[in-house]
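Asks: Here it is, the structure, as structure tokens.
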Ligand SMILES: Cc1cc2nc3c(=O)[nH]c(=O)nc-3n(C[C@H](O)[C@H](O)[C@H](O)COP(=O)(O)O)c2cc1C
């Protein structure tokens, strides 16, 4: 590039806009070329205040630690003891979130079941219904009851260890779903009672109830059908966590699943994923407050999801008051999704390992988010299950390491007092002091 | 015949007694008295029994029904027969909204009128209404047949898939991607069979058929205005 013009006057250096970034411009060009918004999988990719902005303080003179590998640090959790005859006992507080059959292949569902069962935790069905692969390989299976009711039938409902009424998902509070025609194999079409090859819309709200009063009656019906045996969870997006948690408890839920905006989805409009909902960090305290205000904390369980990746995230979620967490995206990565070993194929799809999110197109090189029989062959459910089990074990060991360092003999004994925040935002959202201070924005009595 | 009083036995007691009926039971005829608009009566049945509910019912009577025949001697609340798989529900009075929502099979007969969103997301059920039905009926209906001997309200069959609608009277308006269709011999036969099974004395020839124009089956930006 020339630094001067012909008359010797210096050029200003080319300056990229902070508003019209290369990414933004590529979005505009894509929109202009196609006339349709961008649909993709995954969760919010923008940076939002998160558990990374929190730190544990560890032990000191006033708090003594527990010996790693020697002194016990319990990890078990029981979900649904409030109303259900048969609550769910899990060895670890990390569950596998609901992911639809259709979005995921049958073998991927099988691997989730294998890995979760080996690690002593539960899996969850998703839109599209229950598959035999999943039921067969999951010791504890939660059956999602979704607005679309695709594949929903009372025989499967009665086979479930718990029922999860899905009101919303963190990636798209207020949104339904769409499985594009190219992913509708004969099997998927049959399970959903629709012709092959057409786009399948999943409704954004339930066809036979609206609002908290109806929800209470819906829960009653589901309990009557299943003889009051299994727990009923209600899954809500991180939209209005205080009120949604309150209303779910009042409607009679045994557990509340709360999903923040980083939470993954199989396919949703990018604008929805990035601009609707609240970060996972911001939604825990209001939900726990709701539980406490109703005297239901630890009686109705809170399962938190949306961007949980490590034992540190698990420990932080639990310290803020959650009883358990759920993982979606991280489980898929453990299975082999977005693995750099497929880099050449990701490049051919116009992307790169780690950034691949066109799960709805069904061309997943890793053979996980696809219904293509050839691609599916690349994925071995036994090996996938083993990898997931390992990953769940590591997360648990990490969370225990932190808990012991804080002197806790059960993950549930972690508490907000163990934490500090690195930023003002995180301090305000988590209601824990900014590091080095005894203050957080909004702390009662401080006037700020 | 077994007669149970809902107010005495409680909802749990009544449903537990009905659920305990095995497929080969000889207690096949049940009467539930004092329904008093209770919710979730006789839901989740899975045996070829016949249940008569005396009085009006609340939400979700006969929800997810399999095999059983349920007679409602009164009017039926919202979501009656939701996600029914098989069997039959006969409503002597009127039906509230979301009748037979997402139901996969069996038949629902309404002797009065049905309210809005009748047959929403229906997935194979046959619904026959002697009177009129409300707005947004059969929204996203996937399969099965909705027969209306009276009139249909606004936006019939909006965003429907392969469900068929037969209306004898007026349709106030059709929903997105729903259109009037030709009545072929096979449809006349099908419809007459449904009318006969429901016990309504109408001729199939008096009805008009509606169904999906299939223009919205695969997303096309030029159709965006239709949604
Ligand atoms: C491929 C995929 C499919 C999903 N399908 C469903 C679904 O059918 N029903 C549902 O409630 N949530 C669904 N979710 C959301 C998850 O249940 C969960 O809320 C989310 O993945 C948690 O966030 P994380 O991915 O950051 O762990 C899906 C997520 C993914 C990644």
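Asks: Check every one of the helices (runs of 4 or more DSSP H) wholly within segment A:238-318 and list those with 3 or more residues that are under 18 Å from residue A:42 (Cα atoms).
Replies: Ranges flagged: A:270-275.
Asks: How about segment A:122-133: which of its residues are within 10 Å of the ligand (Cβ to nearest atom) and away from every other protein chain (no Cβ under 14 Å)?
Replies: Passing the criteria: A:124, A:125, A:126.
Asks: Under 6 Å between Cβ atoms, at least 6 apart or on separate chains: pull out the pairs that start in segment A:260-276 with a residue that is surrounded by 24 or more Cβ atoms within 10 Å (Cβ to Cβ) and end on any residue that is assigned to a helix (DSSP H, G or I).
Replies: From residues that are surrounded by 24 or more Cβ atoms within 10 Å (Cβ to Cβ), the pairs are A:260/A:280; A:260/A:283; A:262/A:280; A:264/A:329; A:266/A:359; A:267/A:360.
Asks: A further question on this structure: Within segment A:5-17, can one find any residue that is closer than 30 Å to residue A:328 by Cα, touching a strand residue (DSSP E or B) at 6+ places or on another chain (Cβ under 7 Å), away from chain B (no Cβ under 14 Å) and not in a loop (DSSP other than H, G, I, E, B)?
Replies: no
Asks: Please go through segment A:143-154 and give me each residue that is more than 8 Å from every other protein chain (Cβ to nearest Cβ) and either more than 23 Å from residue A:212 (Cα to Cα) or touching a residue at least 24 places away in the same chain (Cβ under 8 Å) (or both), ordered by number.
Replies: Correct list: A:144, A:145, A:146, A:147, A:150, A:151.
Asks: Within segment A:227-244, track down each residue that is touching a strand residue (DSSP E or B) at 6+ places or on another chain (Cβ under 7 Å) and either under 27 Å from residue A:109 (Cβ atoms) or away from the ligand (no atom under 16 Å from the Cβ) (or both).
Replies: A:230, A:231, A:232, A:233, A:234, A:235, A:236, A:237, A:238
Asks: For residue A:30, indicate whether it is without any contact (Cβ under 8 Å) to a residue 12 or more places away in the chain and either within 21 Å of residue A:399 (Cβ to Cβ) or assigned to a strand (DSSP E or B) (or both).
Replies: no
Asks: Being under 21 Å from residue B:141 (Cα atoms) and not in a loop (DSSP other than H, G, I, E, B) is the filter; apply it to segment A:145-165 and report the residue that is farthest from the ligand (Cβ to nearest atom).
Replies: Checked segment A:145-165; the qualifying residue farthest from the ligand (Cβ to nearest atom) is A:154.
Asks: Being farther than 27 Å from residue A:289 by Cβ and either within 12 Å of chain B (Cβ to nearest Cβ) or touching a residue at least 24 places away in the same chain (Cβ under 8 Å) (or both) narrows it down to one residue among A:245, A:210, A:226; which is it?
Replies: Going through A:245, A:210, A:226 in turn, the sole match is A:226.
Asks: Okay, next question. Of everything in segment A:106-121, what is at negative phi and not in a helix (DSSP H, G or I)? Give them in sequence order.
Replies: The one that is at negative phi and not in a helix (DSSP H, G or I): A:121.
Asks: Go through segment A:52-105 and tell me which strands (runs of 3 or more DSSP E), entirely inside it, have 2 or more residues that are over 18 Å from the mean Cα position of the chain (by Cα).
Replies: Where strands (runs of 3 or more DSSP E) fall fully within segment A:52-105 and carry at least 2 residues being over 18 Å from the mean Cα position of the chain (by Cα), they are A:54-56, A:77-79, A:88-90.
Asks: Here are the criteria: (1) over 22 Å from residue A:151 (Cβ atoms); (2) within 16 Å of the ligand (Cβ to nearest atom). Tell me which single one residue A:192 does not satisfy.
Replies: (1)
Asks: Just to check your reading of the model, which residue among B:72, B:108, B:91 is more than 11 Å from the chain's Cα centre (by Cα) and buried (at least 22 other Cβ atoms within 10 Å of the Cβ)?
Replies: Just a single option satisfies the conditions, and that option is B:72.
Asks: Shifting gears a bit: Could you say whether any residue in segment A:272-293 is within 14 Å of chain B (Cβ to nearest Cβ), within 16 Å of the ligand (Cβ to nearest atom) and farther than 18 Å from residue A:51 by Cα?
Replies: So far as segment A:272-293 goes, no, none of its residues is within 14 Å of chain B (Cβ to nearest Cβ), within 16 Å of the ligand (Cβ to nearest atom) and farther than 18 Å from residue A:51 by Cα.
Asks: Quick check on segment A:359-370: of everything there that is touching a strand residue (DSSP E or B) at 6+ places or on another chain (Cβ under 9 Å) and part of a loop (DSSP other than H, G, I, E, B), which residue is farthest from the ligand (Cβ to nearest atom)?
Replies: Among them, the one singled out is A:370.
Asks: Here's another thing I want to ask about it. Looking only at residues that are closer than 21 Å to residue B:69 by Cβ, outside any loop (DSSP other than H, G, I, E, B) and free of Cβ contacts under 8 Å to residues at least 60 places away in the same chain in segment B:96-133, which one is nearest to the other protein chains (Cβ to nearest Cβ)?
Replies: B:123
Asks: Give the residue, chosen from A:51, A:56, that is over 23 Å from residue A:377 (Cα atoms) and within 13 Å of the ligand (Cβ to nearest atom).
Replies: So the residue among A:51, A:56 that is over 23 Å from residue A:377 (Cα atoms) and within 13 Å of the ligand (Cβ to nearest atom) is A:51.
Asks: Still on this structure, please answer the following. I need a count of the residues in segment A:403-448 that are without any contact (Cβ under 8 Å) to a residue 60 or more places away in the chain and either part of a helix (DSSP H, G or I) or closer than 20 Å to residue A:318 by Cα (or both).
Replies: 8
Let's see how each residue does on (1) within 14 Å of the ligand (Cβ to nearest atom); (2) within 17 Å of the chain's Cα centre (by Cα); (3) within 19 Å of residue A:403 (Cα to Cα):
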{"site": "A:300", "(1), (2), (3)": "no, no, no"}
{"site": "A:306", "(1), (2), (3)": "yes, yes, no"}
{"site": "A:315", "(1), (2), (3)": "no, yes, yes"}
{"site": "A:322", "(1), (2), (3)": "yes, yes, yes"}
{"site": "A:329", "(1), (2), (3)": "yes, yes, no"}
{"site": "A:337", "(1), (2), (3)": "yes, yes, no"}
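Asks: For residue A:175, are the conditions met, namely being more than 8 Å from every other protein chain (Cβ to nearest Cβ), over 26 Å from residue A:115 (Cα atoms), part of a loop (DSSP other than H, G, I, E, B) and at pLDDT below 95?
Replies: Criteria met by residue A:175.
Asks: Continuing with this model, one more query. Could you tell me which numbered condition residue A:136 fails, if it satisfies all but one of (1) more than 23 Å from residue A:219 (Cα to Cα); (2) within 14 Å of chain B (Cβ to nearest Cβ); (3) not in a loop (DSSP other than H, G, I, E, B)?
Replies: (2)
Asks: Against the condition in contact with a strand residue (DSSP E or B) (Cβ under 6 Å, 6 or more places away or on another chain), more than 14 Å from residue A:152 (Cβ to Cβ) and within 16 Å of the ligand (Cβ to nearest atom), how does residue A:205 come out, does it pass?
Replies: Judged against the criteria, residue A:205 is not a match.
Asks: So if I check each of B:87, B:62, which one is under 14 Å from residue A:225 (Cα atoms) and touching a strand residue (DSSP E or B) at 6+ places or on another chain (Cβ under 9 Å)?
Replies: Among B:87, B:62, only B:62 is under 14 Å from residue A:225 (Cα atoms) and touching a strand residue (DSSP E or B) at 6+ places or on another chain (Cβ under 9 Å).
Asks: Let me spell it out: the conditions are (1) within 14 Å of another protein chain (Cβ to nearest Cβ); (2) away from the ligand (no atom under 11 Å from the Cβ), and residue A:267 meets all of them except one. Which number is the exception?
Replies: Tallying (1) within 14 Å of another protein chain (Cβ to nearest Cβ); (2) away from the ligand (no atom under 11 Å from the Cβ), residue A:267 fails exactly one: (2).
Asks: I'd like the full set of residues that are farther than 23 Å from residue B:119 by Cβ, within 11 Å of chain B (Cβ to nearest Cβ) and either touching a helix residue (DSSP H, G or I) at 6+ places or on another chain (Cβ under 6 Å) or modelled with pLDDT of 80 or more (or both), limited to segment A:178-195.
Replies: A:180
Asks: Please find, within segment B:8-45, the residue that is nearest to the other protein chains (Cβ to nearest Cβ) out of those that are crowded, with 22+ Cβ neighbours inside 10 Å and not in a loop (DSSP other than H, G, I, E, B).
Replies: B:15
The values are calculated or read from the model by the stated rules, or taken from the named source; none is laboratory data. If you're wondering where the values come from, they're calculated on a predicted model, not measured in any experiment. All Cβ positions, glycine included, derive from the backbone under ideal geometry; neighbour counts span all protein chains shown.
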